[in-house]
Structures are given as structure tokens and as C-alpha cells.
Amino acid sequence: MIAQALFTPAQQKLLGLLFVRVNEGFHLNEIMRLTGLGSASAQRELRRLHESGLITSERIGNVRRFWPNKESLVYPELSALVQKTFGIVGVLSATLAPLRAQLHLAFVSGATAKGQDLPGSAIDLLLVGEEANYGDLLTGLAPAERTLRRKINPNLYTLVDYRRRLREGQPFLLQVLQQPKLFVIGDESLLQALVLPDSSLQANDTPSVF
């Protein structure tokens, strides 16, 4: 509902492409093919975004390619809004909805969360749950992979296993937790609360006291 209130369908498609695959850059024909927009609609929206300074472009060879303008004053806010509504976080949130009762926490990590991912690179997703099945998770993530046109690499932990690995100081997990995150389920306070051994959280609960 937020996306529909703030952006037209054409703007959602265009922003969803440029601000999700932020480092790739696309020319007009690619944008039309990937978004389903017609030539006139795509050119009109690109012109508006370009004139407002929200996107930038560069002629490479015989074509002009478009990227988000990371120098724009509102880039961080617009990027976060796109991600949370119809971008990566929005897509993953909708995809994981059937499994939310089984999950405490889910967040995107790695290069994607840092905004440094390369064209076609996979999306790293860490999840902590109780009875979530890895096979069900892979099946459930398939629609998100098709929508985002990128592979998703999930790391699924039970709460017991997650806490054990933290106690043991597993390098991979500690490194992930120290880096930027895009939360899909939960937030930073819930992430910290999950470390507490006496926490009696139910899946997808947010602690009222920390």
C-alpha cells in the first residue's frame, strides 16, 4: 500500500530495477525488456528521474546507460524506501510471509547490504528460526529469485544452533553480524535479544524489554 500511494506502477518498475540492481546500469532497451514498460513510458520516467537528479547516465558506445545517482541528497532515503517496499526487502518479506510464524529473524548481508554487489551476484540471506525447513525455504525463495533475477543464498539456523555458534565464536557468523544488514524480519534490538540464553521469544516476536 505504501508503494502504491507514493509511486505509479511505472515508477515502481523502474525504481525497483535501478535501485535493486544498483551497480549494473541499464540502457533503454534493457529497461523496457526487464520492466515490461513501453518505449514512451520508460523514456518519460527516465527523463523525470534524470532531470530531478535521482538517476545519472553515461553514454557507452552507442547506448546510454542509467544508474541511481548516489550523490543525490535523498539517495539514502529513497534507496531505503525502495528496498523496504518493492525492492529487495519488500520482495523477500512477501516471499517469506508463509514462513514468518517459524522465523525469529531474517536479514540480507554481504555485498548487497553494503550496496557493493556486482552485476548478477547472489543475495546472502541469514535466517534464525525454530522449525523452518531448509527445503521449504528454498522452495519459498524461488519466486523471489525470479522477481529479483538473482540467486539467493540462505543460511538458516535454529535458535539453539545460532547461540551455540556465537558462543564458539564462529568466524563466518561473527563477520556477518559486524557488517551492514538489511532487515527483512526483526531489527537490531531483536538481533541482540536473540543472544540472551534465557530469552523465551516466540518466532517473529519483538522483545518489549531489552
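The values are calculated or read from the model by the stated rules, or taken from the named source; none is laboratory data. Keep in mind the model is a prediction, meaning the values are calculated, not measured. Cβ placement follows ideal geometry from the backbone for every residue including glycine, while neighbour counts extend to all protein chains displayed. Each accessible area value is taken on the protein alone, full model and side chains, heavy atoms only, with ligands, DNA and RNA left out. Shrake-Rupley method; radii C 1.70, N 1.55, O 1.52, S 1.80 Å.
Tabulated values for the structure
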item: Potential extension, SER52-GLN175 segment - 0.36 nm per residue separation minus Cα distance; result: 40.5 nm
item: Between helix 9-18 and the chain: long-axis angle, C-alpha atoms, 0 to 90°, nearest 10; result: 70
item: Theoretical FRET efficiency, 1/(1+(r/R0)^6), r = Cβ-Cβ of VAL160 and ALA122, R0 35 Å, to 0.05; result: 0.85
item: Accessible surface of the chain, 1.4 Å probe, proportion on carbon and sulfur as whole %; result: 53
item: Filtered trypsin sites (Lys or Arg not before Pro), the stretch 111-164: DSSP coil and at most 13 other beta carbons within 10 Å; result: ARG149, LYS151
item: Solvent exposure of the chain as accessible area per residue, Å², 1.4 Å probe; result: 53
item: Förster-model FRET efficiency, 45 Å R0, ILE60 and GLN4, C-beta, rounded to 0.05; result: 0.85
